[in-house]
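The values are calculated or read from the model by the stated rules, or taken from the named source; none is laboratory data. Predicted, not measured: the structure shown is a model, and the values here were computed from it. Don't worry about glycine lacking a Cβ; one is built from the backbone with ideal geometry, like all the others, and counts go over all protein chains shown.
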């Protein structure tokens with residue numbers, strides 16, 4: 001049974017600019033999935049729908065959740081502001097589907113529903129700034145190396161494109177827009193018209209006309225789109241206009257034109273074109289001319305001073321001497337330091353491992369070297385992590401085999417949100433297993449089970465004590481079923497305690513409210 005997956009671009013946000021097709025898709029959907037802020041913009045259109053909303057930088061989890069629900073036979077809409085195919089969710093949804101071996105003819109039905117992109121909506125408020133060749137460049141270097149972005153800005157500046165800059169600035173990224181201005185001033189006049197549009201067609205819309213040299217004197221943020229004119233763009237009566245070049249063939253002030261319609265496309269009247277104003281080559285001459293053109297292109301490629309920068313991947317891993325062992329040897333510490341290199345980082349964590357992070361093109365040699373040093377490696381992020389006490393240096397080691405089996409069977413499994421399973425080897429529970437998402441405590445030859453601890457905030461609380469005396473040979477299969485249920489049914493970014501509360505029962509164990517004291521609101525409102 002397969003469902004339908006709509007990827008919906010809803011434009012700048014105002015209902016007037018959402019297409020009828022997009023509205024119908026939202027109306028027909030069982031689930032609507034998107035960024036929290038976007039959900040608020042389309043709230044009147046999704047009343048009564050099952051909603052899955054997540055925060056910024058959680059696009060992958062949204063795409064995965066959409067695919068999962070569609071594969072269950074549901075009709076799902078994933079929403080993006082602007083156009084879903086321009087820095088939106090369309091490509092990512094297809095990437096997730098491709099990773100799973102999806103086929104267009106036999107898999108879930110996918111429809112991309114276009115919307116008005118920011119370059120179009122912002123241009124309409126400025127006048128007509130993108131009448132000629134234009135490009136979009138995102139200044140966010142969270143996913144794209146800055147060296148590559150620099151090359152694109154430089155190329156667009158040299159080619160005299162009108163440029164729309166997306167994601168120009170944020171609280172942490174403040175230098176990128178300054179660098180973009182510096183690069184473009186190599187090719188453009190300081191007086192080049194620039195339009196700044198914030199929250200186009202939304203309640204807090206702001207439109208500012210400025211110049212390339214003065215644009216940084218104005219407020220620019222993540223909700224701003226920056227449109228930079230080309231060498232011909234001009235201001236007129238509060239509007240930003242880029243000519244398309246009609247004046248080369250037309251006299252705008254005259255009713256009678258110097259060139260008649262049948263004369264306007266003659267080569268001699270287009271000296272600026274590829275043919276250079278020369279008459280069309282005859283059929284005999286064309287092949288040699290094309291060959292010559294190809295040789296020129298090859299020569300230009302060979303003369304390039306530098307190749308595009310190689311894109312390295314970020315390798316992250318949780319490194320420990322073992323799920324039970326808590327002692328690193330000096331040789332192991334050296335191996336970790338060598339793996340990090342000069343540019344990598346080694347972060348101490350309170351979770352019985354260090355997090356290694358470094359840029360590499362091939363992580364396999366690092367992995368082999370660390371494992372050869374006797375170190376355990378596990379993925380980090382939204383995965384299952386097994387935490388265990390040291391079992392009093394093995395003196396209380398009856399539960400060690402079960403901790404190690406949990407690590408082997410469940411460690412590193414992808415889940416909606418990071419899930420920690422804590423294991424204590426005696427009733428003292430000194431390593432705090434009861435304060436993890438799932439905690440098991442070995443006592444009197446059996447295990448006690450705790451579910452759904454809330455590990456942060458002033459209303460934090462231990463897990464619900466749901467069972468005692470679970471037979472050791474049953475505990476690993478039971479926890480496996482719990483993890484699989486959470487993996488299958490949890491919403492993206494939904495912590496286990498929230499999931500337990502929402503569904504009310506997991507593996508036959510009922511959720512119970514944990515008493516927490518009344519607390520005054522924090523000054524920040526949290």
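Could you list all residues from region 489-509 that are out of contact with any strand residue (DSSP E or B) (no Cβ under 6 Å at 6 or more places or on another chain) and closer than 19 Å to residue 385 by Cβ?
Step one: filter region 489-509 for residues out of contact with any strand residue (DSSP E or B) (no Cβ under 6 Å at 6 or more places or on another chain), giving 489-490, 494-495, 498-499, 501-508.
Selection gives 490, 494, 495, 498, 499, 506.
Residue by residue through region 207-236, note down the ones that are in a loop (DSSP other than H, G, I, E, B) and touching a helix residue (DSSP H, G or I) at 6+ places or on another chain (Cβ under 9 Å). Full working, then the answer.
Applying the first criterion (in a loop (DSSP other than H, G, I, E, B)) to region 207-236 yields 212-214, 218-223, 229-233.
Across region 207-236, the qualifying residues are 212, 213, 220.
Every residue, every condition in (1) more than 30 Å from residue 245 (Cα to Cα); (2) at pLDDT 85 or above, yes or no:
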| residue | (1), (2) |
| --- | --- |
| 256 | no, no |
| 261 | no, no |
| 269 | no, no |
| 276 | no, no |
| 282 | no, no |
| 306 | yes, no |
| 317 | yes, yes |
| 321 | yes, yes |
| 348 | yes, yes |
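Please list, ordered by residue number, the strands (runs of 3 or more DSSP E) wholly in region 359-430 having 2 or more residues that are surrounded by 20 or more Cβ atoms within 10 Å (Cβ to Cβ) and over 30 Å from the mean Cα position of the chain (by Cα). Steps first, answer last, please.
On the way: elements: 376-378, 384-388, 419-424.
Passing ranges, in order: 419-424.
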Pick out the one residue from 79, 116 that is in contact with a helix residue (DSSP H, G or I) (Cβ under 7 Å, 6 or more places away or on another chain) and over 30 Å from residue 217 (Cα atoms). 79
Taking residue 476, is it in contact with a helix residue (DSSP H, G or I) (Cβ under 6 Å, 6 or more places away or on another chain), under 23 Å from residue 432 (Cα atoms) and not in a loop (DSSP other than H, G, I, E, B)? yes
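Quick grid of which residues meet (1) over 23 Å from residue 102 (Cβ atoms); (2) surrounded by fewer than 20 Cβ atoms within 10 Å (Cβ to Cβ); (3) out of contact with any strand residue (DSSP E or B) (no Cβ under 7 Å at 6 or more places or on another chain):
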residue	(1), (2), (3)
4	no, yes, no
9	no, no, no
17	yes, yes, no
25	no, no, no
30	no, yes, no
33	no, no, no
44	yes, yes, yes
47	yes, yes, yes
Could you run through region 447-480 and say how many residues are buried (at least 17 other Cβ atoms within 10 Å of the Cβ) and more than 21 Å from residue 511 (Cβ to Cβ)? 1
Can you tell me which residue in region 222-232 is modelled with the lowest pLDDT, limited to those that are surrounded by 15 or more Cβ atoms within 10 Å (Cβ to Cβ) and more than 18 Å from residue 156 (Cα to Cα)? 223
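If you check 61, 80, which single one turns out to be outside the structural domain of residue 487 (by the TED database) and closer than 15 Å to residue 6 by Cβ?
Working: 61 fails: closer than 15 Å to residue 6 by Cβ.
Just a single option satisfies the conditions, and that option is 80.
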For region 444-464, what are the residues that are in a strand (DSSP E or B), closer than 17 Å to residue 421 by Cβ and modelled with pLDDT under 95? 454, 464
Given the options 151, 204, 173, name the one that is assigned to a loop (DSSP other than H, G, I, E, B) and in contact (Cβ under 8 Å) with a residue 24 or more places away in the chain. 173
Residue check, residue 487 against (1) at pLDDT below 95; (2) surrounded by 13 or more Cβ atoms within 10 Å (Cβ to Cβ); (3) more than 17 Å from residue 410 (Cα to Cα), all met but one. Which one? (3)
Picking from 446, 433, 453, 399, the residue that is assigned by the TED database to the domain that holds residue 494 and free of Cβ contacts under 8 Å to residues at least 40 places away in the same chain would be 446
For region 334-356, name all the residues that are surrounded by 16 or more Cβ atoms within 10 Å (Cβ to Cβ) and touching a helix residue (DSSP H, G or I) at 6+ places or on another chain (Cβ under 8 Å). 335, 336, 339, 354, 356
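Any chance region 25-35 includes a residue that's under 21 Å from residue 205 (Cβ atoms) and touching a helix residue (DSSP H, G or I) at 6+ places or on another chain (Cβ under 9 Å)? Can you show your working first?
Keep residues of region 25-35 that are under 21 Å from residue 205 (Cβ atoms), which gives 35.
Checking which are touching a helix residue (DSSP H, G or I) at 6+ places or on another chain (Cβ under 9 Å) leaves us with 35.
Scanning region 25-35, I find at least one residue that is under 21 Å from residue 205 (Cβ atoms) and touching a helix residue (DSSP H, G or I) at 6+ places or on another chain (Cβ under 9 Å), so the answer is yes.
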Can you find even one residue in region 111-130 that is touching a residue at least 40 places away in the same chain (Cβ under 8 Å), surrounded by fewer than 17 Cβ atoms within 10 Å (Cβ to Cβ) and over 21 Å from residue 198 (Cα atoms)? yes
Do we find a residue being in contact with a helix residue (DSSP H, G or I) (Cβ under 8 Å, 6 or more places away or on another chain) and within 30 Å of residue 69 (Cβ to Cβ) anywhere in region 419-436? yes
